[in-house]
1. Do we find a residue being touching a helix residue (DSSP H, G or I) at 6+ places or on another chain (Cβ under 7 Å), within 17 Å of D98 (Cβ to Cβ) and not acidic (D, E) anywhere in region 41-51?
2. Quick check, is A242 modelled with pLDDT of 85 or more and either surrounded by 16 or more Cβ atoms within 10 Å (Cβ to Cβ) or out of contact with any helix residue (DSSP H, G or I) (no Cβ under 7 Å at 6 or more places or on another chain) (or both)?
3. Mind checking which residues of region 117-129 are over 15 Å from I159 (Cβ atoms) and either touching a helix residue (DSSP H, G or I) at 6+ places or on another chain (Cβ under 7 Å) or surrounded by 20 or more Cβ atoms within 10 Å (Cβ to Cβ) (or both)?
4. Taking the criterion of being closer than 20 Å to K80 by Cα and outside any helix (DSSP H, G or I), would at least one residue in region 22-30 satisfy it?
5. Quick check on region 210-228: of everything there that is closer than 19 Å to W190 by Cα and of a type in the set (D, E, K, R), which residue is modelled with the highest pLDDT?
6. Kindly indicate whether D105 is more than 30 Å from K235 (Cα to Cα), acidic (D, E) and either surrounded by 17 or more Cβ atoms within 10 Å (Cβ to Cβ) or out of contact with any helix residue (DSSP H, G or I) (no Cβ under 9 Å at 6 or more places or on another chain) (or both).
7. Failed condition for E202, given (1) modelled with pLDDT of 95 or more; (2) in contact with a helix residue (DSSP H, G or I) (Cβ under 9 Å, 6 or more places away or on another chain); (3) surrounded by fewer than 17 Cβ atoms within 10 Å (Cβ to Cβ), with all others met?
Amino acid sequence: MRVGGFTIVRNAVRYDYPVREAILSVLPLCDEFVVSIGDCDDGTEELIRSLPQEKLRIIHSVWDDSLREGGVVLAKETDKAFAALGADCDWAFYIQADEAVHEDDHARIRSAMERHLDEPGVDGLLFRYRHFYGSYDHVGASNKWYAHEIRIVRNRPDIRSYRDAQGFRKSDGSKLRVKPADAWMHHYGWVREPSAMQRKLEGFQRMYHDDAWMERHILGPETFEYERHVTRLEKFRGTHPAVMRERIAQRSWTFEGDISFSRKSLKDRAKDLLKRIGIDTNYRNYRLV
């Protein structure tokens with residue numbers, strides 16, 4: 001079994017993406033790893049080249065900044081990185097620049113890839129998600145956060161990144177048939193120093209909206225105000241991936257999440273009730289088989 005990993009990154013230093021940690025968290029599971037670096041001059045390439053290079057292969061890409069609807073540019077760039085994997089790879093392990101896998105899950109992930117390797121009816125493997133918000137001590141607990149997503153897929157040309165690269169589908173638009181990886185993905189997209197968070201949000205939203213929308217909704221403050229945008233949170237009681245420990249120790253801001261937000265909204269209560277009677281209303285970009 002041969003596994004290829006891949007990711008895309010642009011302006012990782014400017015927007016404080018933990019891409020170094022993301023790559024290191026999955027590198028032990030991969031035989032090769034493709035990093036597609038978008039056009040930028042903030043030291044991103046130097047950051048990637050500081051990683052162990054034995055398995056890494058860097059490619060360069062120019063992002064089409066005119067694509068400003070639905071984050072479609074992210075899917076196009078993800079497909080470029082995916083296509084650069086060696087044809088001899090059986091599985092393709094995708095990780096985004098603000099995600100990390102816990103080392104305690106490595107054995108389970110490898111076991112799942114081995115177990116389903118010779119099952120052609122399985123297109124990919126599904127991960128559970130923890131979405132950190134404001135600090136490394138709080139996770140989102142409302143239904144606004146996606147609970148699962150595909151991160152390992154077959155290395156096949158009929159599989160494509162979907163919409164804004166949150167997940168994958170087949171080239172004809174049909175959903176992938178997946179099995180659980182029995183592992184967690186830790187998502188740190190909403191945890192960084194507030195001024196870096198605001199810069200990241202401005203850059204990210206430009207891939208979805210035009211200048212008029214940006215002027216009304218995003219531009220203005222110099223720092224992101226976590227408290228103004230907070231939704232239902234829970235205290236995180238587990239441990240973070242080892243690759244994140246240095247970054248966590250160096251955090252330079254404080255956020256004390258108000259757990260009073262743990263009261264469920266009426267919408268969340270209704271969804272939970274439906275789920276208990278066997279009706280799951282949450283969005284699923286896959287078919288669990």
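1. Going residue by residue through region 41-51, those that are touching a helix residue (DSSP H, G or I) at 6+ places or on another chain (Cβ under 7 Å) are 47, 51.
Keeping just the survivors that are within 17 Å of D98 (Cβ to Cβ) gives 47, 51.
In the following step, the residues that additionally are not acidic (D, E) were identified as 47, 51.
Checked region 41-51: at least one residue is touching a helix residue (DSSP H, G or I) at 6+ places or on another chain (Cβ under 7 Å), within 17 Å of D98 (Cβ to Cβ) and not acidic (D, E).
2. Details: modelled with pLDDT of 85 or more: yes; either surrounded by 16 or more Cβ atoms within 10 Å (Cβ to Cβ) or out of contact with any helix residue (DSSP H, G or I) (no Cβ under 7 Å at 6 or more places or on another chain) (or both): no.
No, not satisfied.
3. Quick first cut of region 117-129, residues over 15 Å from I159 (Cβ atoms) only: 117-119, 127-129.
F127 - this is the single residue of region 117-129 that is over 15 Å from I159 (Cβ atoms) and either touching a helix residue (DSSP H, G or I) at 6+ places or on another chain (Cβ under 7 Å) or surrounded by 20 or more Cβ atoms within 10 Å (Cβ to Cβ) (or both).
4. Let us first name the residues in region 22-30 that are closer than 20 Å to K80 by Cα, namely 22-23, 26-27, 30.
Applying the additional criterion that residues be outside any helix (DSSP H, G or I) yields 30.
Yes, because at least one residue in region 22-30 is closer than 20 Å to K80 by Cα and outside any helix (DSSP H, G or I).
5. Out of the qualifying residues, it is E225.
6. Values: more than 30 Å from K235 (Cα to Cα): no; acidic (D, E): yes; either surrounded by 17 or more Cβ atoms within 10 Å (Cβ to Cβ) or out of contact with any helix residue (DSSP H, G or I) (no Cβ under 9 Å at 6 or more places or on another chain) (or both): yes.
So D105 does not fit the description; no.
7. Result: E202 passes all but (1).
Results for (1) at pLDDT 95 or above; (2) within 24 Å of A196 (Cα to Cα), shown as yes or no for each residue.
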residue	(1), (2)
E46	yes, yes
S61	yes, yes
L67	no, yes
V72	yes, yes
A81	yes, no
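The values are calculated or read from the model by the stated rules, or taken from the named source; none is laboratory data. These figures come from a predicted structure and were not determined experimentally. No Cβ is skipped: glycine too gets one built from the backbone with ideal geometry, and neighbour counts run over all protein chains shown.
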